[in-house]
Amino acid sequence: MTHLYIYSFLAGLFAANGLPNFIAGILGKKHYTPFGDSSSAAINVVWGWVNFVVAAMLLYYAGVHAHLLRAFGLFALGALLGALLVAYISTKNTKSSK
């Protein structure tokens, strides 16, 4: 049962991390990734997609079907925490680049 909690939470983190990269990439904008502070749009699309695939695989291996509500709650909590972390890092990078 603990793997359900851990995997669902991590899936939310990965999904939240992939969203800004994927959106920036499909809009043709540069965004930071582990490969550099201003990665190209194509790298951002790929990095966002990789995060989505990891999130989906974590949910698959968590076995969410048996405890769907708990899994959704932990996924949502992980996504919220991940989004807040991405917002904090984005704000910090914007201030330091000026």
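The values are calculated or read from the model by the stated rules, or taken from the named source; none is laboratory data. Model, not experiment: these values are computed from the prediction. Note: ideal-geometry Cβ built from the backbone for every residue, glycine included; neighbour counts use all protein chains shown.
Here are a few things to note about the model shown:
- Only listed residue being over 25 Å from MET1 (Cα atoms), among the polar types (S, T, N, Q) and in a helix (DSSP H, G or I), chosen from SER38, SER90: SER90
- Taking the numbered list (1) in contact with a strand residue (DSSP E or B) (Cβ under 6 Å, 6 or more places away or on another chain); (2) surrounded by fewer than 18 Cβ atoms within 10 Å (Cβ to Cβ) in turn, SER40 passes all entries but (1).
- Selection status of PHE72, surrounded by fewer than 17 Cβ atoms within 10 Å (Cβ to Cβ), assigned to a helix (DSSP H, G or I) and among the aromatic types (Phe, Trp, Tyr): yes
- Pairs meeting the criteria (first residue in the stretch 8-37 and more than 20 Å from LYS92 (Cα to Cα), second residue of a type in the set (Lys, Arg) and assigned to a helix (DSSP H, G or I), beta carbons under 8 Å, at least 6 apart or on different chains) are SER8/ARG70.
- Qualifying residues in the stretch 20-30 (those that are at pLDDT 90 or above and under 19 Å from LEU84 (Cα atoms)) - the one surrounded by the fewest Cβ atoms within 10 Å (Cβ to Cβ): ILE23
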